[in-house]
Amino acid sequence: GAVVSQHPSWVICKSGTSVKIECRSLDFQATTMFWYRQFPKQSLMLMATSNEGSKATYEQGVEKDKFLINHASLTLSTLTVTSAHPEDSSFYICSARDRTVNLYEQYFGPGTRLTVT
Amino acid sequence: GENVEQHPSTLSVQEGDSAVIKCTYSDSASNYFPWYKQELGKRPQLIIDIRSNVGEKKDQRIAVTLNKTAKHFSLHITETQPEDSAVYFCAASPGGANNLFFGTGTRLTVIP
C-alpha cells in the first residue's frame, strides 16, 4: 500500500515553455501533498505544501506564480513550471500523506527529472 | 523555519562495521524525525522514524536515538552490508503542518 506515482518520469522542454508534472496517490487518499526539488548530489528542498481543495502554501523563496500547484482531488496534485528556464532543471519529487492514517509519514513519488534547454 | 544539519557528508566503512550519522535541528517544536535512504535517481525510502516522546527506537540493524534537550538525533547501522551503500537523509518535522525539512545527506559507502 501507500504508493505514489509521478508522471512523466523525465521531460525535456525548451526555455520559455511550461511543463506540468502529475503526482498521484494510487491506493490512498492524500489529504496533503508536498513538492520538493533536488539538485544533483544535494538535499530535498521543500517547495510547497498543498491540501486538497485549498491553495498551496509556498516556502520562502519559491515563486508561486512560476511554480503553480493544484491539488484538485484527494489523489492528484499537479506542479506546473511556467516559462521554464535552464536553472529550473532539477529533479522534482512529490510526496503524499493521509492524515486519517498517519499524521506524520510521507510517501514519496519516484521523481521527475526536468531538463530545460 | 526549521534548519537541519547533518554530518558527515560522506562516510566509508568496512563491511560488518557500524555506521553512525548525526543530525541537529533548530526548532524545539519539531516532534517527528524520519530517516530516509535514497539510491541514485530513485525516491527516498523511509527506513526508520522516531517521535519526540521516545528516546530510542530500533529495527533490526537500524536504530535511531533522539536527544530533545540537545536537539540532535542519530542513525546507527550495525553489521553494515554493501547494499546499505546509499545516501541517507535525516529530516525534522515541526508541529502543525508537519512539513519535512531535510538534512544535507550522507553518502555511505560500505566496502566489501
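No lab work stands behind these numbers, since they all come straight from the coordinates. On a predicted model such as this, the values are computed, not experimentally measured, just so you know. All Cβ positions, glycine included, derive from the backbone under ideal geometry; neighbour counts span all protein chains shown.
Numerical summary
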item: Isolated Cys residues of chain A, judged by Cβ distance under 4.7 Å to other cysteines; result: A:C13
item: Percent of Cα pairs exceeding the 24 Å cut-off, where the set is the protein assembly as shown; result: 45
item: Choice from B:T80, B:T24, B:T69 with maximal GNM fluctuation in chain B (Cα, 10 Å cutoff); result: B:T69
item: Debye equation applied to the C-alpha atoms of chain A, log10 I(q)/I(0) at 0.11, 0.13, 0.21 Å⁻¹; result: -0.32, -0.44, -1.15
item: Segment A:28-77 shape via C-alpha gyration tensor axes, a/c threshold 1.5; result: oblate
item: Euclidean distance between Cα centres, segment B:1-66 to segment A:31-110, Å; result: 22
item: Highest-MSF residue in chain B out of B:G55, B:G16, B:G41 [GNM, Cα springs under 10 Å]; result: B:G41
item: Expected-Rg normalisation [2.2 N^0.38 Å, Cα atoms] applied to segment B:1-78; result: 1.12
item: DSSP loop trypsin sites (Lys or Arg not before Pro) with at most 11 other Cβ within 10 Å excluded, longest remaining stretch of chain A; result: A:42-117
